[in-house]
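The values are calculated or read from the model by the stated rules, or taken from the named source; none is laboratory data. Note that the structure is predicted; figures quoted are calculated from it, not measured. So basically every Cβ, Gly included, is an ideal-geometry build from the backbone, and we count neighbours across all protein chains shown. Protein only, heavy atoms only, side chains kept; ligands, DNA and RNA dropped before computing areas. Shrake-Rupley method; radii C 1.70, N 1.55, O 1.52, S 1.80 Å.
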Amino acid sequence: MKRYNWLLGFLCLQVFNVQAQEQFISKRVDSLLKLMTLKEKIGQLNQYSGREVTGPANDRKAYLLKDIQNGMVGSMLNVKGVKDTREIQAEALKSRLKIPLLFSLDVVHGYKTVFPVPLSEAASWDMEAIKQSAHIAAKEAAASGIHWTFAPMVDIARDPRWGRVMEGAGEDPFLGSAIARARVKGFQGEQLGATDAVMACVKHFAAYGAAIAGRDYNPVDMSEQQLREIYLPPFKAAAEAGAATFMNAFNTLNGVPATASTFLQRDILKKEWNYKGFVVSDWGSIREMIPWGFAANLSEAAAYAITAGSDMDMESEAYKNELEKLIQTGKISVDLLDDAVKRILYKKFELGLFENPYKFSDFKREDIVMKDKTHAAAARSMADKSIVLLKNEHQILPLQTDVKKIALIGPLVRAKADLASTWTVYADTTQMTSVEEGLKQRFGTMKFNYAEGCKINTSDTSKFNEAIQTAQNADLVVMVLGEAGNMTGEAKSRANIELPGVQEALFQKIKKTGKKVIVVVMGGRPLIFNTIADQADAIVYTFWLGGEAGHAIADVLSADYNPSGKLPMTFPRSVGQVPLFYNYANTGRPVAKSGDIHYRSAYIDSPNTPRYAFGFGMSYTDFSYTDLRKDKEIMKGGENLNVSFTLTNTGKRKGEEVVQLYLQDKVASVVRPVKELKGFDKVELEPGESKTIKFVITPEMLAFYKSERGWITEPGSFKLMVGGASDQMRLESDFKLE
Ligand code: NOJ
C-alpha cells in the first residue's frame, strides 16, 4: 500500500510538472506574440530550403539572408552541420526580436550512419531495434545542429508501384502504428529539448500512399471508413506518442488537396485528436493548389491552407507574400494566424532555443557523436534483423564448410551507394560495405570470383558469357540482383516492378550451368521475379540495408545470425494483381478451395494469391504452434479475452519467430476483411525450447468504423488465428462478443 501511495504521488507530481511547464511555455509564447508585428508573425510561418544559403554567393542567397535578418523566416530545411547551422542562426539573431530558426532535414534512415530504409526495418518487426535506430539517427542529427526531422513517414502503402513505399512501414495499419510509435519515441527521446533528440514530423497527412495507380502525387479517392481504418491509425498512434509536428501531403483526398483539407487538419487532427503540435506543408504543396486547379492564384491557395490548419509553409512563399493582404482585407482572421504562430513558437521554447539558440550546434559534441563506433554496430544488428529469407531448398543455406569457391555474380555485388538508396544526408557512401567485401571478410578461407554479368537496367547481354564461365568454375553461385538505389523514393513510381533489365535472363543462364544458385535481391519495394522464385535454390530479400549491408548479408549466409525478418508488404505475382494486400474482403463470390473459378472473383490468367504473403519469412530453424487456449468463449461487458499458446523451436538452431495474431469479424453491418493483424511478438528460442505466448484481445480490437456512427463493435462471432505468416495460420478458434 505504501509503495502504491508513493507511486501515485510520483505520477501526480509528473502530471503537475508537465502541466506547469505547459503553462509556463504558453505564457512565454503569449508575451512574445504581443511584441510581434503582423509581418513578423507571418515570418514565423515561412520555411525555406537552405542549400543556397550555405553555398557560394548567388541572387537567391542574398534574398534568403535578407529575409532571415528581417525576421521573415521561421525555419530552414536542408541546412546541416554545426558550422552552417551556427552561421545561419547568427543571421536570424540579427532580426528585431531575435527569434531563433528551426533547422529541419529529412533524416529518414540515419544521418551519418546509414540504417536500413524504413520498409526494410519494418521487416524486422522489432520495435526496440527500430526505436534505437531512430534514436541514433536523432543523436547524430542533433549533434549536427538539426532540431527537427521530416520523419517518420507513416503512409500505409498497398501499391508497390509507388516509389515511396521504401520510406514507410508497409501495408498494415496495426504494424504501421506500432512502428510509428517506436520511431517517434526513438527520434524524440525522453524529452524534447534534450540534445540527443530531434522533433519528429509525421507525414504525409493523409492517405498519400493511396495515389491512384501508384503514380506519385496522384489524387486519392476513398471512403471515410477506409481512411479511418487503414490509413489514419499510424498517424493517430504517432500523435498519441507525442509527435511534435505533422506534415501534410501532395495528394488530394476526395477532390480536396490535403494541404487545403479542413476535414483532415482541423476536424480530425486538431479537434478530434486534440493535437497541439504544428503542421508544416509539404514542399510547395500550397502553391501546387494552382496546377491542381483548386486555387486560382497564390492568394487563394494561402487562404485555403491557413484556414485548413497548415501552419507552416514549406517553400511556396504563399504566406509570406499573401497573408498580410488577406488579413488586412479581413479575408483571413488574425486569430488563425496567431494560432499557427503560437504552435510554432511553442516548439522553439520547448526545445530551449530561446535560452540558447546554438544549443544543438556544438562542435565538440558533433565530433564525438559522429565518431561513435557503437552506431555502426547498431546499424549492422538492425540490418541483420531486417533480412527476409524467402526460399531455402534442401537447406542450401547457411553456406556449408565444404563450399570452397563461390562465384559472385550480378550488378549489385560491388554496389555501395545503392545500398543507401534515397534520403541519405550526411553519409559517406564510399565507406559502406558491399556484399563482396562483407562475404570476403567473413569467409576468409573461401575463394570468391566476381563477374558483373550485366548492368542493373540495360538490355546489354555481352557480359553473360564471362559470368557463365565464372559460375562454371565455382562450387556455388551467389547472385546479387535488384533495382538501383535511386529507382525508389519520391517521384520514382514504376509501371513495371519486375527486376529491371536482363537480370532474370542472366539468372536463367547461370542456373543452366547446373550450379546451386543463391539469389540476394535488393530493392526499395516488393519486386516481381517469378523465374527466380521458381528456380533459385535460395532467395534472400534485403530491401536496402544501408551501410552495413555486406556484413549483415554475410551474417545471414553464414548463420552468424539466423534470419528472422517477415515481409511488411505483400509480394504480387504480376503487376496486374496490384493493389494486393492480405486484409482484403471476401466478396460475394470468393474462390472456392478447389480452385474452381467459374464466375468467381478471380483472374482467368493468374491465381489471386500473392507470390509471398504479408508476414512471411523463413528461418534456419522450425517452430511449432500448439495448445491454443482462451480464458473464455464469450466476451461480455467490455471484458478482454486472454489467449495463449505454446511456441516451440523444433529445429537445431537458436532462432526468432514473429508470431502473429489475426482476427476476423465473421458477420458485420460493414463487410470486414478476411483477417486483420491485431497482435505480434518477436520471440527468441533455443533449440528445443518452448514458451507460452500470450495475447490480450480487447473490445477495441473488434471495432470498425461505420459512417455516421464512428467506431463501433457489433455482437457476434469472431475468428482468431495465430501463425507465422498471414497465409499460414497454425492455430484457429472462434469466440463470441456479446
Ligand atoms: C517533399 C517530400 O514529399 C517530403 O517527404 C519531404 O520531407 C520534403 N520534400 C522535404 O524534403
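Observations on the model:
- Per-residue [θ]222 nm for the chain (sum of -39500 (n - 2.57) over DSSP H runs n ≥ 4, rounded to 500): -9000 deg cm²/dmol
- Counting 0.36 nm for each residue step from K593 to E639 and taking away their Cα separation leaves a gain of 13.0 nm.
- Within straight-line reach of K371, meaning a Cα separation under 18 Å, sit the following aspartates and glutamates at least 8 residues removed in sequence or on another chain: E140, D196, D362, D428, E548.
- Projecting the Cα atoms of L64, G352, S381 onto the charge dipole of the chain, computed from C-beta unit charges around the Cα centre, puts G352 farthest toward the positive end.
- Shape category assigned to region 404-476 from the gyration tensor of Cα positions, a/c cut at 1.5: oblate
- Of the chymotrypsin sites (Phe, Trp or Tyr not before Pro) found in region 553-585, not one falls in a DSSP loop while having at most 14 other beta-carbon atoms within 10 Å.
- FRET efficiency, V334 to S223 (Cβ-Cβ, R0 41 Å, nearest 0.05): 0.65
- Close amide H contacts of N586 (hydrogens built in the peptide plane, cut-off under 5 Å, sequence separation of 5 or more or a different chain): V674.
- Overall, the accessible surface of the chain at a probe of 1.4 angstrom is composed of carbon and sulfur to the extent of 50 percent.
- About the Cα centre, charge dipole magnitude for region 623-737 (Lys/Arg +1, Asp/Glu -1 at Cβ), debye: 100
- Straight Cα distances below 19 angstrom link K509 to the aspartates and glutamates E452, D460, E466, D475, E498, D534, D537, with same-chain residues fewer than 8 positions distant left out.
- Working note: Karplus 6.51/-1.76/1.60 with θ = phi - 60° gives region 551-565 the couplings 5, 5, 5, 5, 4, 6, 5, 8, 6, 4, 10, 7, x, 9, x Hz, where Gly and Pro are set to x.
- Couplings 3J(HN,Hα) for region 419-433, derived from phi with the Karplus relation 6.51 cos²θ - 1.76 cosθ + 1.60 (θ = phi - 60°), are 4, 8, 6, 8, 6, 9, 10, 10, 6, 9, 5, 5, 8, 6, 9 Hz, where x marks Gly and Pro.
- Amide H partners (placed H, <5 Å) of G110, local residues excluded: F115
- The residues of region 381-577 expose on average 34 square angstrom of accessible surface per residue, using a 1.4 Å probe on protein heavy atoms.
- Applied to region 675-688, the Karplus parametrisation 6.51 cos²θ - 1.76 cosθ + 1.60 on θ = phi - 60° returns per-residue 3J(HN,Hα) values of 6, 9, 5, 9, x, 7, 8, 9, 10, 9, 9, 6, x, x Hz, with x for Gly and Pro.
- Listed pairs K83/K416; K39/K203; K203/K271 exceeding 23 Å between Cα atoms: K83/K416; K39/K203
- Relative contact order %, the chain, counting alpha carbon pairs below 8 Å whose residues are six or more apart: 13
- For a straight C-alpha distance cut-off of 16 angstrom, the lysines reachable from K27 (same-chain residues fewer than eight places away being disregarded) are K276, K342, K347, K348.
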